[in-house]
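All remarks here apply to the structure that follows.
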């Protein structure tokens, strides 16, 4: 038993050291993208039903570090602001599969072939799913409504240009780690347990390769939530124990792109036909990509390595690991609120909503933006920890505000409190 815990701890530390430099770089690039790729830019390019809009949605989605839960409110907001059903579906499929942070970690733990193959497949699967929705999903949900312009920090391009570097660093090293830290830690622990408990190539006979092993990986990946970055160490551990690269890729695609909550929410906000196309296109694309990747490695005359050769000296990896530990530890401190303090000067009333289903900072920002775009709202703040939102203004309609929240896939858990409630 002591030997097991030693192997377990060493496996966790070694995995953490190898991925730390690349994950920190991924956080930095993600922060820069958060400033450069504003919501208005995405929305402006995703209107209409053409294949070009679908392709642009997939291009936007691939580098963005959004998990399958975080991408739902963003996609719902895109839909509400005029994005076509096909483009929204393409964004839903391509975005959670990968991101700049997960691409960096994929390179560090699985090598360059995986690091290139994974975003390419994410793009193609989003393109296929969006095109199918355009062709078959005629009843993809209501048309976008005309809404007032949002001038809050979360959606103002002017604010986005002020202090851009500071905003990028805050997103890359505070907001993003806060959204993925728990899932990332769980993923590393699971990978360590697999590495310590199973001998090398133990799974080669049962799950080595072929379509059956991919179906098993898909059955595990579809209902279970795992973010794109956290799935990589698990996939690396499975490959080390004998699972084929293609089967591991199926897990890397379906785990981040789908889970029971995501499918249910897509059904709710986009309709059952789109939800079926979404799930079916992810599953079919994953199987096809898995078979192709196995063929690529077979043609190369070898099996995927669980780890690539070190490109950085050991002291650099250790230093990066210490920095990453500090970043993840700091990310456990959640901000109290997103948005302005309610009841600014000149407003007459406030209303408070208890919201169910918010899981990350992107959720809070999406709710805040939807509230700020509603008529009569002067300010809105969202408390992710408490799961509530407070709005202030004059003449707003509480029922319409609740509907705006529900359109993002969340629930309003209790009635709006009376005017002026604390």
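Once the Cα atoms of helix 245-257 and of the chain are each reduced to a long axis, what angle between those two axes, in degrees from 0 to 90 to the nearest 10, is obtained? Value to nearest ten degrees: 10. If R0 is 51 Å, the Cβ-Cβ spacing of residue 216 and residue 136 corresponds to a FRET efficiency of close to 0.95.
The sum of -39500 (n - 2.57) across all DSSP H runs of n ≥ 4, divided by the residue count of the chain, sets its helix-only mean residue ellipticity at 222 nm to -20000 deg cm²/dmol.
With an 8 Å cut-off on Cα pairs and a minimum separation of 6 or more residues, tell me the relative contact order of the stretch 168-264 in percent. About 36 percent, as a whole number.
If R0 is 35 Å, the Cβ-Cβ spacing of residue 38 and residue 399 corresponds to a FRET efficiency of close to 0.70. Fewest-first ordering of 262, 106 by other beta carbons within 10 Å of each residue's beta carbon gives 262, 106.
Projected over every direction and averaged, the convex hull enclosing the alpha-carbon atoms of the chain yields 21.0 nm².
Scaled to the globular estimate 2.2 N^0.38 Å, the Cα spread of the stretch 1-110, given as radius of gyration, is 1.35. Translational D (Stokes-Einstein, µm²/s) of the stretch 338-412 at 37 °C and 0.692 mPa s when Rh comes from the Kirkwood sum over C-alpha pairs? My calculation gives 277 µm²/s for D. As a proxy for reagent exposure, 101, 397, 179, 200 were ordered by neighbouring Cβ count within 10 angstrom, fewest first; the result is 200, 397, 179, 101. Build a GNM of the chain with springs between Cα atoms under 10 Å apart, and of 187, 99, 126 the one that fluctuates most is 187. Shown for 14, 399: other C-beta atoms within 10 Å of each C-beta, ranked fewest to most, produce the order 399, 14.
In terms of its C-alpha gyration tensor, the stretch 222-276 comes out prolate, because a/c is 1.5 or above and the ratio a/b outweighs b/c.
Relative to the dominant Cα principal axis of the chain, helix 71-80 is inclined by about 40°.
None of the figures in this text is laboratory data; all of them are computed from the coordinates on show. Predicted model, so just to flag it, every value in this text is computed and none were measured. No Cβ is skipped: glycine too gets one built from the backbone with ideal geometry, and neighbour counts run over all protein chains shown.
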